[in-house]
1. Once Rh is set to the Kirkwood radius over Cα pairs, what Stokes-Einstein translational diffusion coefficient, in µm²/s, holds for the stretch 53-102 at a temperature of 20 °C and a viscosity of 1.002 mPa s?
2. As an exercise, find the ratio Rg/Rh for the stretch 160-243 from alpha-carbon atoms, using the Kirkwood inverse-distance average for Rh.
3. Classify the stretch 176-318 from the C-alpha gyration tensor, please: rounded if a/c falls under 1.5, else prolate or oblate depending on whether a/b exceeds b/c.
4. At what distance in angstrom do the alpha carbon centres of the stretch 83-130 and the stretch 155-182 lie from each other?
5. Need one number for the stretch 55-173: average projected area of the convex hull over its C-alpha atoms, nm².
6. Can you pull the semi-axes for the stretch 104-143, root of five times each eigenvalue of the Cα gyration tensor, sorted largest first, whole Å?
7. Which residue, 212, 186, 267, has the most motion in a Gaussian network model of the chain that connects Cα atoms within less than 10 Å?
8. Within the stretch 163-202, find all residues whose amide N lies under 16 Å from a label point positioned 7 Å from the Cα of residue 264 along Cα-to-beta-carbon.
């Protein structure tokens, strides 16, 4: 959060528009948050009800001025969203990424959507959308090399060098857990509703360490979870911990091979998932600086508003 005396008058609305959820903040000229709304009207709902209708409904409920500009990140800028905000090809400075926000035509307000990123190398093609805003709000120093991990359904690892995104990679760890738990032989081991995994669970730690030691080669161990249930009475909760530890450990081992072992990682995450990754990264011998994901996206949107001239000041990243 930025310091300074709040003006008490909203200057811009900052919107994080995900697939299922929507968050809106009213921000004053100094970057202070004055009001917040959250809802279940994300991309899926907005496709039917209309993006403008939903946004204006939230802004009206917050008594936002009619001419107030809006900065948006997330799936509203996808091909299935309100307007496809073209990808910015990396390498690219973070500030330039934010400044390239695409304007929605035909609106009475100045509404802009932050673009996603594209990595166009033939051997490692990749895209991300939404995480670029968290990256901008993660408080990275303007100089030096920084490795950022943003876990989720599709975990993103981003390499930032001297304020520019040098490259990134996606590990669909959360999706793999869901698919294996519901549609593979492991569904018999984990049960219909896998229990939440605690970072202190010894099975999580042990299987994470095994994946790290194996260099991320997890396929040969997956069936062992089923076998442990049959031969060693592994209960469903601990089976979920085994699978979680194996997948997260495999992700970290694979990312470490790509970006270099040792050193430190900036972890942008929240809640239980953040706790699991903190534990796993520590088991891998990495120093971890944790940034709350919700705070990061809000801070990044405020920086995007600055970069697009919606509020005064300049971005903190080059």
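1. For the chosen part, D equals 167 µm²/s.
2. Over the Cα atoms of the stretch 160-243, Rg/Rh equals 1.08.
3. prolate
4. Cα centres, the stretch 83-130 to the stretch 155-182: 18 Å.
5. 8.5 nm²
6. They are 26, 19, 7 Å, listed largest first.
7. With Cα springs under 10 Å in the chain, the top fluctuation among 212, 186, 267 is at 186.
8. Residues 163 qualify, since their backbone N sits under 16 Å from the label point.
Every number here is computed from the coordinates shown, using simple stated rules; none is lab data. Source: prediction; values computed, not measured. Don't worry about glycine lacking a Cβ; one is built from the backbone with ideal geometry, like all the others, and counts go over all protein chains shown.
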